[in-house]
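I have placed the structure first, in the form of structure tokens, so that the comments after it can refer back to it.
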Amino acid sequence: MSTNIGKKIRIIRESERLTRDQFADLTGIPASAQKFYETGRVESIGSETLIKITTHPQFTKYTLWLMTGKTNETAGQIAPSLSPDGQKRIKNLLKASNVGK
């Protein structure tokens, strides 16, 4: 599950068109740690890290998707594929990383 969360963090970051350094500035999660999460080199992602992402105003819309893989558009909880960048980019990222399989 943690590996999937790491890949989802990457999808969120990339769908928002942020570099790891920009994401670090927003969340306080060092770029080096992000790389480990995103590539699965670190298998355990702590609650403090998840809280930093899910409580940031730019990323709260992805909380439900990040934690469960589900969305609730009426509650403002979307997947990155529903973000302004559209679905094609996210589908390609999901296919490349096998998230959800």
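The values are calculated or read from the model by the stated rules, or taken from the named source; none is laboratory data. Just so it is clear, the model here is predicted, and its values are computed rather than measured. Cβ placement follows ideal geometry from the backbone for every residue including glycine, while neighbour counts extend to all protein chains displayed.
Only one entry of Ala96, Ala75 meets the criterion of being modelled with pLDDT under 90, surrounded by fewer than 16 Cβ atoms within 10 Å (Cβ to Cβ) and over 14 Å from Arg13 (Cβ atoms), and that entry is Ala96.
Restrict the check to region 36-51 and report whether at least one residue is part of a helix (DSSP H, G or I) and either among the basic types (Lys, Arg) or in contact with a strand residue (DSSP E or B) (Cβ under 6 Å, 6 or more places away or on another chain) (or both). No; the residues of region 36-51 include none that is part of a helix (DSSP H, G or I) and either among the basic types (Lys, Arg) or in contact with a strand residue (DSSP E or B) (Cβ under 6 Å, 6 or more places away or on another chain) (or both).
Per the listing Lys61, Lys70, the residue uniquely at pLDDT below 95, of a type in the set (Lys, Arg) and farther than 14 Å from Arg17 by Cβ is Lys70.
Tell me, which residue of region 1-30 that is hydrophobic (A, V, I, L, M, F, W, C), without any contact (Cβ under 8 Å) to a residue 24 or more places away in the chain and part of a helix (DSSP H, G or I) is surrounded by the fewest Cβ atoms within 10 Å (Cβ to Cβ)? Residue satisfying both the conditions and the ranking: Ala24. Among the criteria (1) modelled with pLDDT of 90 or more; (2) of a type in the set (Asp, Glu); (3) in a loop (DSSP other than H, G, I, E, B), the one Asp85 does not fulfil is (1).
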